Amino acid sequence: MGDGLQSAGHHMDVYASSIDDILEDEEHYADQLKEYLFYAEALRAVCRKHELMQYDLEMAAQDLASKKQQCEELSTGTVRTFSLKGMTTKLFGQETPEQREARIKVLEEQISEGEQQLKSKNLEGREFVKNAWADIERFKEQKNRDLKEALISYAVMQISMCKKGIQVWTNAKECFSKM
């Protein structure tokens with residue numbers, strides 16, 4: 001009976017020692033998945049950058065529209081909306097024609113600069129989106145290949161571990177049946 005128990009114990013010890021190797025393999029697969037988690041965070045940062053660029057573009061467009069409206073109001077001499085400019089005009093009187101012409105000239109220069117800035121931000125945004133989209137597509141393709149490979153390898157490792165467990169229990173059963 002002692003020989004049978006000792007032999008079964010030996011099989012169990014062999015199985016127990018193989019668990020460390022299995023845990024190392026599982027840790028390797030978990031590390032591969034963690035890499036994709038970090039890459040997903042990088043993609044999220046790219047999306048945040050795009051949102052900020054879009055916000056800057058919208059603010060530049062809004063600033064340009066505001067400057068165009070100011071220029072139009074100065075040119076026509078009417079103020080359409082309730083504003084600080086309208087209140088100061090009512091309180092302190094109209095500007096002199098020279099002051100108005102100077103302000104119109106400054107606003108036209110600012111409008112011209114704003115249009116150039118808007119065009120450059122628009123172009124920069126399109127280029128960023130084009131490059132980011134290419135990176136995302138490349139990531140998707142690589143992710144599918146890598147995850148498929150990792151999951152297949154993990155499944156093969158699990159099958160191997162199960163076969164080893166079956167073999168150990170079969171050997172232990174034989175040892176117990178000999179007693």
> Does residue 43 fit the bill of being assigned to a helix (DSSP H, G or I), modelled with pLDDT under 90, open to solvent by 60 Å² or more (accessible area, probe 1.4 Å) and closer than 30 Å to residue 139 by Cβ?
Replying inline: no
> Just wondering, is there one or more residues in the stretch 96-113 that are among the hydrophobic types (A, V, I, L, M, F, W, C), more than 21 Å from the chain's Cα centre (by Cα) and open to solvent by 60 Å² or more (accessible area, probe 1.4 Å)?
Replying inline: yes
> Before we move on, is residue 111 in a helix (DSSP H, G or I) and in contact with a Lys or Arg (Cβ under 8 Å, 6 or more places away or on another chain)?
Replying inline: yes
> Do you know which residues across the stretch 48-82 are at pLDDT below 65 and open to solvent by less than 90 Å² (accessible area, probe 1.4 Å)?
Replying inline: 79, 81
> Hey, residue 157 hits all of (1) at pLDDT below 90; (2) assigned to a helix (DSSP H, G or I) but one; which does it fall short on?
Replying inline: (1)
> Identify, please: which residue in the stretch 21-46 is of a type outside the set (A, V, I, L, M) and in contact (Cβ under 8 Å) with a residue 40 or more places away in the chain and is, among those, nearest to residue 126 (Cα to Cα)?
Replying inline: 39
> Right, residue 86: at pLDDT 90 or above, assigned to a helix (DSSP H, G or I) and small (Gly, Ala, Ser) or not?
Replying inline: no
> Do we have any residue at all in the stretch 120-138 that's over 25 Å from residue 57 (Cα atoms) and open to solvent by 80 Å² or more (accessible area, probe 1.4 Å)?
Replying inline: yes
> Based on what the data block shows, is residue 148 basic (Lys, Arg) and either free of Cβ contacts under 8 Å to residues at least 40 places away in the same chain or surrounded by 14 or more Cβ atoms within 10 Å (Cβ to Cβ) (or both)?
Replying inline: yes
> Any idea which of 35, 51, 58 is acidic (Asp, Glu) and closer than 17 Å to residue 132 by Cα?
Replying inline: 51
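The values are calculated or read from the model by the stated rules, or taken from the named source; none is laboratory data. Keep in mind the model is a prediction, meaning the values are calculated, not measured. Cβ sites come from the backbone with ideal geometry, for glycine too, and all protein chains shown count toward neighbours. These accessible areas exclude ligands, DNA and RNA; they are computed on the full protein's heavy atoms, side chains included. Shrake-Rupley method; radii C 1.70, N 1.55, O 1.52, S 1.80 Å.
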